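Accompanying notes for the structure given below.
The values are calculated or read from the model by the stated rules, or taken from the named source; none is laboratory data. As the structure is a computational prediction, the values presented were derived from the model and not from experiment. Note: ideal-geometry Cβ built from the backbone for every residue, glycine included; neighbour counts use all protein chains shown.
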Amino acid sequence: MKEQVRGTIEMTAAMTILGTIGWFVVMSDRPAMDVVFWRCVFGAASLLVICTVMGLLRGLLNLRMLGWAALGGVAIVTNWYMLFQSYPMASISVSTAVYNTQPFMLVLFGAAFFGEKLTANKFIWLGIAFAGLLLIIAGKPQGGLGGSDYAGGILMALGAAFFWATAAIITKKLKGTPPHLIALIQVCVGILMLVPFADLENLPDSALSWGSLITVGVVHTGIMYVLMYGAVQKLPTHLQGSLSFIYPVVAIIVDLIAFGYRPDMGQIIGAIAILIAAAGMNLGWQIIRPRTPRKVVF
């Protein structure tokens, strides 16, 4: 019981930290490409220390693992770039709500590539999430950061969810590999990917900008991974799924308080619909209960 309580605290802390990432991305005052590059740099430094202390660098590296982890790294870094790019276009709140269509991407991938069955309940949750997405698309941004390219921001957030799901599918090939080590390889791949595109000639010129970038790398990547994966080892799946919704709630609160974003009623209903549908999908809520076969008495 004590282990589950500790896991709950760790997962709550991890999701709360993750919910604040949008604020630090905006406060860095850097293009999304640069933010992701520095996230990878500072994330790699912190994860290297963590993996060294945990003894994860000895005897676990092989070409197969490196190959799959690197491929996942391409997907996860693309996911970060698209999500961060969507913030100033559609707002942190809307981007985060749309980004939480990830579970549905995974379900569709499972049906398309792994022959997993799409049940009636899954179709219903998919339909609710899609209706919520339509309400958000039809919404009118008011205040805050969003509005420079609202539709483009939504597409970016959807793209981010797609690449997150892609990374999750690839990570299934690495079952048994310590997740901290996978994350270290992924951010190292990100450094190699983005160094040709990062603006290294015009470095941040303020303590706030550097502090934000370091926080995104060390806290939102290194420390958050340790907390999240520590919690995953201690908690049952249904509790992991329910606690994961702290992330979008915190992100929306941050957007409301820090940037004054005021969604219209359609956007509010749409965001709630997506979050409820994602919860239903993750936690296995059943709207239509399967029929139990009647016993025939002779």
Between a residue in region 221-237 that is farther than 12 Å from Thr12 by Cα and any residue that is in a helix (DSSP H, G or I) and basic (Lys, Arg), which pairs come within a Cβ distance under 8 Å, given they are 6 or more apart or on different chains? Thr221/Arg39; Lys234/Arg6
So which of Leu239, Leu235, Leu275 is under 30 Å from Asn121 (Cβ atoms) and outside any helix (DSSP H, G or I)? Leu235
When you look at Leu106, is it surrounded by 13 or more Cβ atoms within 10 Å (Cβ to Cβ) and over 22 Å from the mean Cα position of the chain (by Cα), yes or no? no
Members of region 21-36 that are surrounded by 24 or more Cβ atoms within 10 Å (Cβ to Cβ) and part of a helix (DSSP H, G or I): Ile21, Gly22, Val25, Val35, Val36
For region 115-133, which residues satisfy the criterion of being assigned to a helix (DSSP H, G or I) and not hydrophobic (A, V, I, L, M, F, W, C)? Asn121, Lys122, Gly127, Gly132
Quick one: is Ala44 touching a residue at least 60 places away in the same chain (Cβ under 8 Å), closer than 30 Å to Leu155 by Cβ, in a helix (DSSP H, G or I) and in contact with a Cys (Cβ under 8 Å, 6 or more places away or on another chain)? yes
Take the residues in region 134-189 that are polar (S, T, N, Q) and assigned to a loop (DSSP other than H, G, I, E, B); name whichever of them is modelled with the highest pLDDT. Thr177
Of all residues in region 168-189, which are surrounded by fewer than 22 Cβ atoms within 10 Å (Cβ to Cβ), closer than 21 Å to Gln102 by Cα and among the aliphatic types (A, V, I, L, M)? Ala168, Ile169, Ile170, Leu174
